Amino acid sequence: MSTNQQILLTPEQQSTKTLKRSKSYNPDLHKCETYWCVVVKRKNGKEELLADYEHNVFPAGCIDSIHNMSFINTSNTGTRGFGAIAVTADTTQTLNSSVTALTGEVTTNGLSRAEANNKAHTAGTNVSLVENTFTLTGTQSDVTRAALFNVVTAPVSGTIGPVAAFSTSTGQMVSGETLKVSITITTS
Amino acid sequence: MSTQPQPQQNNNQQSPQATAKSGLVIGGPMKCFLHFDKNGENYTTDNIDEWNKHCHDTGHTLSGTRKCEDCDNLIVYHNHPYRNMTPTGLALVLRCDECNTKLQQQEQQVKTSKAIVKTVGKYKANSFSDNPNSQLTPQQPTNQSNK
């Protein structure tokens, strides 16, 4: 019988099971954020700023997808990026990290969910931009909120990404007017 | 006697209300991983103007996708010189090769038309100064022989 038997701890036993922050970690800086600008251009050429870098709500499902896309998936056929923009006239939905869909998503009048026509990342920074211009083909009243999705097909499909409410609703919009949604995304 | 501490104004920590009013300051930081501030920290700011200036001055580049300004073709671009972020989006206009060629041809035609107008105008002006009646009464040929 050996008296020098070495007792080995399993990785689970070795772990302290706490996240290890880097020295430069700052809880005020290390976040994923989006800031929304929304501009309506009326038929008379006048532009109205409805959202001025409004802060987002970041749903939990989006965080899961980001992790899967970035670290888990083993092929590029997995979940795609959150580059589709949807809008709604609803004001009743509670926006928090538990949201999984955009209530009352608009699907007509040129405002149906669309692939953002502009996406850009600034190299060497934590900043990206996603933006799209919707051109109305009919009358629509009071668009109030918008969200990013990872599927273009609408509605009620894909995972909802960051979502934001405008400071001011669009009011009545008519055919020919445009709604431009620009999202600044910071991660670090 | 006790004195209440006065709230200090800090431009880097404005309220959401102040943010909305200013239109320039956002609620979270934009961070550069390539350049550092005086304290040796990564350059960080909430201010869109300052961010634009930083990225422009230090030669940051943009990569992404964007629809052609004229035909909606999707353009993929890499390492494009930085363009400013604005509330109405990124200040970047791109055209696909086909539309760019068309635009250049149209601009060339406009230049040519302007040049022609200028030449004709000059000719008319010269004609008028040489012979005020030249445009009203065609000159009769003078070197014709009667045979």
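In table form, for the structure just shown:
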quantity: Over 27 Å between alpha carbons, listed pairs A:LYS43/B:LYS118; A:LYS41/B:LYS67; A:LYS46/A:LYS119; A:LYS180/B:LYS53; B:LYS67/B:LYS102; A:LYS180/B:LYS114; calculated: A:LYS43/B:LYS118; A:LYS180/B:LYS114
quantity: Accessible area buried, both sides summed, chains B and A with 1.4 Å probe, Å²; calculated: 2400
quantity: Distance (nanometres) between label positions extended 7 Å along Cα→Cβ at B:VAL93 and A:THR153; calculated: 3.8
quantity: Value of Rg to Rh for region A:32-188 (Rh from inverse mean 1/r over Cα pairs, i.e. Kirkwood); calculated: 0.96
quantity: In order through region A:34-44: 3J(HN,Hα) via Karplus (6.51 cos²θ - 1.76 cosθ + 1.60), integer Hz, x for Gly, Pro; calculated: 10, 10, 10, 10, 10, 10, 9, 10, 6, 5, 7
quantity: Highest-first arrangement of B:73-83, B:106-116, where packing means the average Cβ count within 10 Å; calculated: B:73-83, B:106-116
quantity: Rounded to whole Hz, the Karplus (6.51, -1.76, 1.60) HN-Hα couplings of region B:104-109, x for glycine and proline; calculated: 5, 5, 5, 4, 5, 5
quantity: Region A:45-127: trypsin sites (Lys or Arg not before Pro) in DSSP loop, at most 13 other beta carbons within 10 Å; calculated: A:LYS46
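The values are calculated or read from the model by the stated rules, or taken from the named source; none is laboratory data. Just so it is clear, the structure is predicted and the values come from calculations on it, not from any experiment. No Cβ is skipped: glycine too gets one built from the backbone with ideal geometry, and neighbour counts run over all protein chains shown. Keep in mind that these areas ignore ligands, DNA and RNA; they rest on the heavy atoms of the full protein, side chains included. Shrake-Rupley method; radii C 1.70, N 1.55, O 1.52, S 1.80 Å.
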